[in-house]
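Let me begin by presenting the structure, written as structure tokens, before commenting on it.
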Amino acid sequence: MSAFLQYVVNGLTSGAFLALVALGYTMIYGVIRLINFAHGDVLMVGSFIGYEVAVTLVAQHWPVAVIVLLALLAGMAFTGGLGMVIERVAYQPLLNASRLAILISALGVSLALEQGVELIFGAGYSAYPNILPTAGFTFAGARASYVQVGMFGLSLLLMGGLYLFVNRTMAGTAMRALAMDRDAAALMGINVPRTILLTFMLGSVLAGASGVMQGMYYTEINFFMGFLLGLRAFTAAVLGGIGNIPGAMVAGLLIGLIGSFSDGYISSEWSDAIIFAVLIAVLVFKPTGLFGERVAERV
Amino acid sequence: MKRVGLRAAAPAILAAVALTATACSSASSSGSASSSSSSSASAGPIIIGVPVPLSGEYASAGVDILHGAQLAASNINAAGGVLGRKIEVVGQDDACLASTGSQAAQKLISQGIVAAAGGYCSTAAFPELEAFHRAGIPYVMDASTNPELTEQGFAQAFRTIGRDDEQGPIAASYITGYLHATRVAVGNDNSTYAKGLAVATIAALQKDGATVVFNNALTPGQSDYTSFLTKVAQSKPQVFYYTGYYPEFGLLLKQAKQLGLKFTMMGGDANNDPTLLKTAGTAANGAMMTTAPLAQFLSSATAYVSAYTAKYGTGPGPYSSYEYDAVGVVAQAIKDAGSTTPSKITAALKTISYNGITGDFHFDGVGDRQPVNYIVIIVQNDQFAAFKKFDNTTSQWVNVNS
């Protein structure tokens, strides 16, 4: 029983990080029908920005809370900007080209980011300074650290913020309109390029937040970290019904739990196989995802 | 890493080219010396070949090893040389590749070497050994740990480093004999090396009477191993021995601390990397690793470490001390044989007993170093520190520098 609860705690933690990334996949797919394969790498870049900030500030003995906050803000701000630049440079010119062209462009961006970071930071591992306390509490035999709870809470807060933004603001409404029908949205006076840009920025900011949070929490980062994380998050986005924002949040947590349970009850060697088997099963049996695509497919 | 390696390699390649050039000019004289009469003290130097990676990803390791060989040669020459002649080491780039290794060995042989001492990657060491074997030239390897190298039955194969399958029994001996654990968990990462070490360790643990309560692999490259660790904890081990590499072991240490797990964490010799200390922070303290001793952990190598650092401005790296002993043992064998004929050097190596900076050793029937020299190191105050070694005379685990 205590082990079961521990697997739930472990799964929800990694799931919350995944959900933030899955949201970016789903939002971007919603507005331009593109699987943004560079998304995991945007997260990786955010993680490295946070690393630079954290290392610099730790050397100057700033208080831990300030370091965490500044690293997070710097990571989010940088990835937000990076997301917009990527959209302008690599996707905007190809919006009306074939789907394949823009997909190849996304792969190119992904490789460029990975190789760029490898050149700057090297192929080895970098480690965030170990500044967060490991203290925690035990509940019914399962252990959680305060930091873990904080990270989970922060992820939920960011997701909640996004949900409110998309549903309660003018810009969010424009995003949803765009997801339903780009041409009709344009006819309604929505500034399509600007809304697409905004979507990329929001998705990238969440990825950046996830990258810095994971760096702070796990400490070990490298230029290749975005690849597997991206694939897992993409699986979550598909599982939640790609384009469906609440679906991505729930499915992110679900993928975290599936990974944790297969680590615990089957074997860690099999976790990725199981997660990607879920992806295949969803694509074959329920292509619209567990929660269905909220936006009707355009004819 | 690659970038640094290439940058470090550039001067090394120049150095190697320069060395090769000087060696070429003297090759004819030494060649004629060995063919005419080995007893007459010829003026030309005795040449020892050093095949190591001087380009590519592992260039910096190769440069360290070549430096160790050069330092050994200059110390031997300062003490009067061998048989009245000077020792000269000639580096040759094998790029850590099988194809380049084969060429490197051929180039060295054509330069009239009497013995080879070096090597880094086992991949390149195989064809090198094959070529030296055919030429009848002894090859003392300093860093290639693949068991198969010496198991092929080549009389010319020797090594000053331990082999992968010797580490498992040492780890098991420490876990059962010093930590007195009866319930042991073993984890690996599914790589050939880690799996091999896990299998060897488990077999030895069972022979020593311990119960292996957990044996499973994790998937490397992930960040979250908390559920893997929870599963390990379910088997209630006293010791967890991880045979994989440092990126995962660092995370395991950190997350075990966070989960409040109390069993002892131990790792194999791929975990002896400073990155682990950065990743795990204070959670690394108390973790132990089995490893071939680094020069800085050995009181017998103190003078070597300071001489190396003074001369080259960096630390001696993990293997250069084994190369220092490889060149040293070859020089000793030439003295013992009283000859520079490769077959006589080979015969002398078979019976040699050598006091090296990495410890006293001789070679067994297949050319492997005896006694086995793995030690246990521990992380203390966020640093690796030498801890325990097996004392063969008392069959006890004692402090490394006692």
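Computed from the coordinates by the stated procedures, all read-outs in this text should not be read as laboratory data. Since we're looking at a predicted model, the values are computed, not measured. Reconstructed Cβ throughout: ideal geometry from the backbone, glycine too, with neighbour counts over all protein chains shown.
Out of curiosity, is A:Gly172 farther than 23 Å from A:Ser110 by Cα and surrounded by fewer than 24 Cβ atoms within 10 Å (Cβ to Cβ)? Against the criterion (farther than 23 Å from A:Ser110 by Cα and surrounded by fewer than 24 Cβ atoms within 10 Å (Cβ to Cβ)), A:Gly172 qualifies. Could you say whether any residue in segment A:37-50 is among the hydroxyl-bearing types (Ser, Thr, Tyr), within 14 Å of chain B (Cβ to nearest Cβ), under 22 Å from A:Gly203 (Cβ atoms) and surrounded by 24 or more Cβ atoms within 10 Å (Cβ to Cβ)? Scanning segment A:37-50 turns up at least one residue that is among the hydroxyl-bearing types (Ser, Thr, Tyr), within 14 Å of chain B (Cβ to nearest Cβ), under 22 Å from A:Gly203 (Cβ atoms) and surrounded by 24 or more Cβ atoms within 10 Å (Cβ to Cβ). A:Ala101 fulfils the conditions (1) out of contact with any Lys or Arg (no Cβ under 7 Å at 6 or more places or on another chain); (2) touching a residue at least 12 places away in the same chain (Cβ under 8 Å) except for a single criterion, (2).
Give the residues of segment B:189-244 that are surrounded by fewer than 21 Cβ atoms within 10 Å (Cβ to Cβ) and of a type in the set (Phe, Trp, Tyr), sorted by residue number. B:Tyr193, B:Phe214, listed by residue number.
Quick check on segment B:304-349: of everything there that is of a type in the set (Gly, Ala, Ser), buried (at least 19 other Cβ atoms within 10 Å of the Cβ) and within 22 Å of B:Lys86 (Cβ to Cβ), which residue is nearest to the chain's Cα centre (by Cα)? Result: B:Ser320. Only one of the numbered conditions (1) aromatic (Phe, Trp, Tyr); (2) crowded, with 24+ Cβ neighbours inside 10 Å; (3) more than 11 Å from every other protein chain (Cβ to nearest Cβ) is violated by A:Phe291, and that is (2). Restrict the check to segment B:165-185 and report whether at least one residue is assigned to a helix (DSSP H, G or I), without any contact (Cβ under 8 Å) to a residue 24 or more places away in the chain and more than 20 Å from the chain's Cα centre (by Cα). The answer is no, given that none of the residues of segment B:165-185 is assigned to a helix (DSSP H, G or I), without any contact (Cβ under 8 Å) to a residue 24 or more places away in the chain and more than 20 Å from the chain's Cα centre (by Cα). The number of residues in segment B:353-364 being crowded, with 18+ Cβ neighbours inside 10 Å and more than 16 Å from B:Leu298 (Cβ to Cβ) comes to 1.
Each row is one residue, and each column tells you yes or no for (1) away from every other protein chain (no Cβ under 14 Å); (2) among the small types (Gly, Ala, Ser); (3) part of a helix (DSSP H, G or I); (4) surrounded by fewer than 20 Cβ atoms within 10 Å (Cβ to Cβ).
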{"residue": "A:Gly247", "(1), (2), (3), (4)": "yes, yes, yes, no"}
{"residue": "A:Leu253", "(1), (2), (3), (4)": "no, no, yes, no"}
{"residue": "A:Ile258", "(1), (2), (3), (4)": "no, no, yes, no"}
{"residue": "A:Glu269", "(1), (2), (3), (4)": "no, no, yes, yes"}
{"residue": "A:Ala273", "(1), (2), (3), (4)": "no, yes, yes, yes"}
{"residue": "A:Phe276", "(1), (2), (3), (4)": "no, no, yes, yes"}
{"residue": "A:Pro287", "(1), (2), (3), (4)": "yes, no, no, yes"}
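A Cβ distance below 6 Å, combined with a sequence gap of six or more or placement on separate chains, defines the contacts here; from segment A:144-158, residues that are among the small types (Gly, Ala, Ser) reach residues that are surrounded by fewer than 20 Cβ atoms within 10 Å (Cβ to Cβ) in the pairs A:Ala144/A:Gly136; A:Ser145/A:Thr134; A:Ser145/A:Gly136. Scanning segment A:187-237 for residues that are touching an Asp or Glu at 6+ places or on another chain (Cβ under 8 Å) and farther than 17 Å from A:Ala38 by Cβ gives a single hit, A:Tyr218.
Can we say B:Thr264 is farther than 19 Å from B:Ser60 by Cβ, in contact with a helix residue (DSSP H, G or I) (Cβ under 6 Å, 6 or more places away or on another chain) and either charged (D, E, K, R) or away from chain A (no Cβ under 14 Å) (or both)? Here the answer is no, as B:Thr264 does not meet what is asked. Of the set (1) within 21 Å of the chain's Cα centre (by Cα); (2) over 25 Å from A:Leu57 (Cβ atoms), all apply to A:Val149 but (2). Which condition breaks for A:Leu107 when tested against (1) away from chain B (no Cβ under 14 Å); (2) in a helix (DSSP H, G or I); (3) in contact with a helix residue (DSSP H, G or I) (Cβ under 8 Å, 6 or more places away or on another chain)? Every listed condition holds for A:Leu107 apart from (3). Among residues of segment B:364-386 that are under 17 Å from B:Ala172 (Cβ atoms), those with a beta-carbon under 6 Å from a residue that is surrounded by 13 or more Cβ atoms within 10 Å (Cβ to Cβ) and among the acidic types (Asp, Glu) at least six positions away or on a different chain give the pairs B:Val372/B:Glu166. Pairs are defined by a Cβ separation below 7 Å, a sequence spacing of at least 6 or placement on different chains, a first member in segment A:54-65 that is surrounded by 14 or more Cβ atoms within 10 Å (Cβ to Cβ), and a second member that is hydroxyl-bearing (Ser, Thr, Tyr); the pairs so defined are A:Ala54/A:Tyr128.
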